[in-house]
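Data first, discussion second: the structure below is written as structure tokens.
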Amino acid sequence: MSLAQDSARRAPAELADYSGGVELFLRVVRRLAQLSRPPVQAALWQQVQRGALDLAGFVALIGALAGFLAIATVELGFGLGLTVGVRLLQALVLGQLAGFICALLLVTGPGTAAAWELGLMRRQGELRTLRLIGIAPFDYLVLPRVLGFGLALFVLTFVFQAAAAVGGAALAAVATQLTFSQQIEALAATLAPAALAVSALKNVVLGTVAGLLVCHHGLAESFAPAETPRVARRLLGDSLVALVIVHGGAALLLR
């Protein structure tokens, strides 16, 4: 039996202490002090870059189009005026769609890739190799991914919201009789700092939960290239459930 096969066989037992969702979260909390180590910081930044910076341009484009559609539909389609359009932009696009769309993009793209990468590393014995050379796999692989997804979703959602507000107003100014300054002033008058803070916190929590799910599926699932679609479907399904729970919980707490 090769070293890779032996490591793959032993990996579930070695990782049993943090393959479960709750145990994984508790271990992340206990190991937060490891963020002071440069290798862990580098891995965290790499995960944020993969999750947020690589998708920022695409997210900005979607955000600008979503903001434009919200304002233009109300103004041109229903003739309800600027106030209704701005409130729709704030409540639906900035408050709900931004986090929802960015979370789906993050999970289906970088999330699936990260889960596949962890599964492949486990199968090939790389996790055991890290242990043998004195590197804790959890600190180097799991902790940066969990926190990195939280920060990545925060950044992506901010980019989406900024593009929806500024880009949407700019596009609406071209297609309607509303001016750019009118729209920005109306939006600024309705936005509350508390709502922005709650939105940011909600997205950090949701991104962290997505990171936990990614690592859980990467470590706990039986891995084979042919199993990638099934793992991706399960990851997406669990993420949708988490998305509904986080958004629903935030709505109940703030009602």
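Quick one: is L104 surrounded by fewer than 19 Cβ atoms within 10 Å (Cβ to Cβ), modelled with pLDDT of 90 or more and in contact with a helix residue (DSSP H, G or I) (Cβ under 9 Å, 6 or more places away or on another chain)?
Judged against the criteria, L104 is a match.
Is it true that T83 is under 25 Å from S199 (Cβ atoms), free of Cβ contacts under 8 Å to residues at least 60 places away in the same chain, of a type in the set (V, I, T) and in a helix (DSSP H, G or I)?
For T83, the condition - under 25 Å from S199 (Cβ atoms), free of Cβ contacts under 8 Å to residues at least 60 places away in the same chain, of a type in the set (V, I, T) and in a helix (DSSP H, G or I) - is not met.
Given the condition aliphatic (A, V, I, L, M), more than 15 Å from V48 (Cα to Cα) and over 21 Å from the mean Cα position of the chain (by Cα), answer yes or no: does some residue in the stretch 207-214 qualify?
no
Go through the residues of the stretch 121-142 one by one and say whether even a single one is within 30 Å of G81 (Cα to Cα) and in contact (Cβ under 8 Å) with a residue 40 or more places away in the chain.
Scanning the stretch 121-142 turns up no residue that is within 30 Å of G81 (Cα to Cα) and in contact (Cβ under 8 Å) with a residue 40 or more places away in the chain.
So in the stretch 107-136, with the set limited to residues that are of a type outside the set (A, V, I, L, M, F, W, C) and more than 25 Å from A152 (Cα to Cα), which one is surrounded by the fewest Cβ atoms within 10 Å (Cβ to Cβ)?
So, considering only residues that are of a type outside the set (A, V, I, L, M, F, W, C) and more than 25 Å from A152 (Cα to Cα), the one surrounded by the fewest Cβ atoms within 10 Å (Cβ to Cβ) is G134.
Tell me the residue from A42, A66, A91, A33 that is assigned to a helix (DSSP H, G or I), among the small types (G, A, S) and in contact (Cβ under 8 Å) with a residue 12 or more places away in the chain, please.
Just one listed residue meets the conditions, A66.
Among the residues in the stretch 175-191, are any closer than 30 Å to R37 by Cβ and at pLDDT 85 or above?
No, the conditions are met nowhere in the stretch 175-191.
Which condition breaks for A98 when tested against (1) at pLDDT 85 or above; (2) within 26 Å of S181 (Cβ to Cβ); (3) over 16 Å from the mean Cα position of the chain (by Cα)?
For A98, the failing item is (3).
Any chance the stretch 132-154 includes a residue that's in a helix (DSSP H, G or I), of a type outside the set (V, I, T) and more than 26 Å from the chain's Cα centre (by Cα)?
The answer is yes, given that some residue of the stretch 132-154 is in a helix (DSSP H, G or I), of a type outside the set (V, I, T) and more than 26 Å from the chain's Cα centre (by Cα).
The values are calculated or read from the model by the stated rules, or taken from the named source; none is laboratory data. These figures come from a predicted structure and were not determined experimentally. Glycine also receives a Cβ, built like all others from the backbone with ideal geometry; neighbour counts cover every protein chain displayed.
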